[in-house]
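*Asks:* First the structure, which I've put down as structure tokens, then a few questions once you've had a look.
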Amino acid sequence: MNKNIKGLWEKLQRPSARYSVLTLLGIGFIGGIITLAGFLGELKATAQEAFCISCHEMRENVYKEYKNTAHFSNKSGMRATCADCHLARDLAPKLARKVVAVREVFNKMRGTIDTREKFVEHRLTMATRVWEEMKANDSRECRSCHDGKSMDYSKQSRRAMQQHIRGDNEKLTCIDCHKGVAHLLPDMKGIDPSAVIGVTQ
């Protein structure tokens, strides 16, 4: 067995008798481009709303809720899709999130939330996980569209202005107050009330 592996390794190290090194490099380069294009195409395809709601768990639960929010339909005509809120734009954090998504595929196969009852039962766990991720990255996806430095507090309602000033002073991040802006809140029994102050729905 070791002789076979050693022999294969030696063959791989020797230059080809049939093709020039330049030809082999060219083939490798073209193969690399095709592989990269396929990988980037797959990343793009799995960041589309149609892909996100292709499973009934999302389509029948959170997607229906989202359709009743300002993130779906508003006076400006600007829509935030699933990926806008749940997937980073930069490549490294986007890939990290895709790796974490393997857990979701596993739970899909297990049927963890394949009924409305199971979804409601697990909702707090799922929501808490998303809130913690957003808190850890300073609400990065929110800030892709909403820039605090560009906010004109004088054009906001009195309450919104006070809350945003308070958030700035206390170094809060968007998700500290804006839980429930695109999906219904889970049953918050057993949650520290201070963790949901300013929740909007």
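Each reported figure results from applying straightforward, stated rules to the coordinates on display, with no laboratory input. All figures in this text were calculated on a predicted structure; none of them were measured in a lab. Counting neighbours? That spans all protein chains shown, and the Cβs are built from the backbone with ideal geometry, glycine included.
*Asks:* Is the C-alpha gyration tensor of region 52-196 telling us rounded, prolate or oblate? Criteria: a/c under 1.5 is rounded; beyond that, a/b larger than b/c is prolate, otherwise oblate.
*Replies:* On the way: a/c = 1.67, a/b = 1.55, b/c = 1.07.
Prolate.
*Asks:* List the GluC sites (Glu not before Pro) within region 111-187 that fall in a DSSP loop (any state other than H, G, I, E or B) and whose Cβ has at most 13 other Cβ atoms within 10 Å. Show your work: numbers first, answer last.
*Replies:* Working: sites: 117, 121, 132, 133, 141, 170; in loops: 141, 170.
Those satisfying the criteria are 170.
*Asks:* Now for a different question. For the chain, what are the DSSP H helices with axial Cα length of 24 Å or more and mean Kyte-Doolittle hydropathy of at least 1.6? Before the final figure, lay out each step's value.
*Replies:* Numbers: long enough: 21-45 (36 Å, 1.72); 91-110 (29 Å, 0.03); 116-136 (30 Å, -0.88).
Correct list, ordered by number: 21-45.
*Asks:* If the cut-off is a Cα-Cα distance under 25 Å, which lysines reach residue 3, setting aside same-chain residues fewer than 8 apart in sequence?
*Replies:* Counting by Cα, and skipping residues close in sequence, residue 3 has these lysines nearby: 11.
*Asks:* Can I ask one more? What's the longest bit of the chain with no exposed trypsin sites (Lys or Arg not before Pro), using DSSP loop states and at most 15 other Cβ atoms within 10 Å as the test?
*Replies:* Details: sites that count: 18, 67, 75, 79, 89, 171, 189.
Counting at most 15 other Cβ atoms within 10 Å as exposed, the longest clean stretch of the chain is 90-170.
*Asks:* My understanding is that a pair violates if its Cα-Cα distance is over 30 Å; which of 6/94; 98/155; 135/189; 64/135; 67/98 do that in this structure?
*Replies:* Correct reply: 6/94; 98/155.
*Asks:* Then there is this: Any chance you could run the full-extension gain for residue 70 through residue 19? It's 0.36 nm times the residue separation minus the Cα-Cα distance, nm to one decimal.
*Replies:* Here the answer is 12.3 nm.
*Asks:* Same structure again: Using +1 at the C-beta of Lys and Arg and -1 at the C-beta of Asp and Glu, which of 7, 52, 36 has the Cα lying farthest in the positive direction of the dipole of region 3-118?
*Replies:* Highest projection toward the positive end goes to 7.
*Asks:* Here is a further query. Would you compute, from DSSP H runs of 4+ residues alone, the mean residue ellipticity of the chain at 222 nm, taking -39500 (n - 2.57) per run and dividing by the full residue count, rounded to the nearest 500?
*Replies:* On the way: 10 runs with 112 residues, N = 201.
My calculation for the chain gives -17000 deg cm²/dmol from helical runs alone.
*Asks:* Separate question: Along the charge dipole of the chain, Cβ charges K/R +1 and D/E -1, which of 102, 154, 191 sits furthest on the positive end?
*Replies:* The residue sitting farthest along the positive end of the dipole is 102.
*Asks:* Are there cysteines in the chain with no second cysteine's Cβ under 4.7 Å away, and if so, which?
*Replies:* By the Cβ distance rule, which asks for a partner under 4.7 Å, the isolated cysteines are 55, 85, 145, 177.
*Asks:* Let me know the charge dipole size of the chain about its Cα centre in debye, to the nearest 20, where only the beta-carbon of Lys, Arg (+1) and Asp, Glu (-1) is charged. Please report the intermediate quantities before stating the final value.
*Replies:* Numbers: 33 positive and 23 negative charges, 118 e Å.
It comes to approximately 560 debye.
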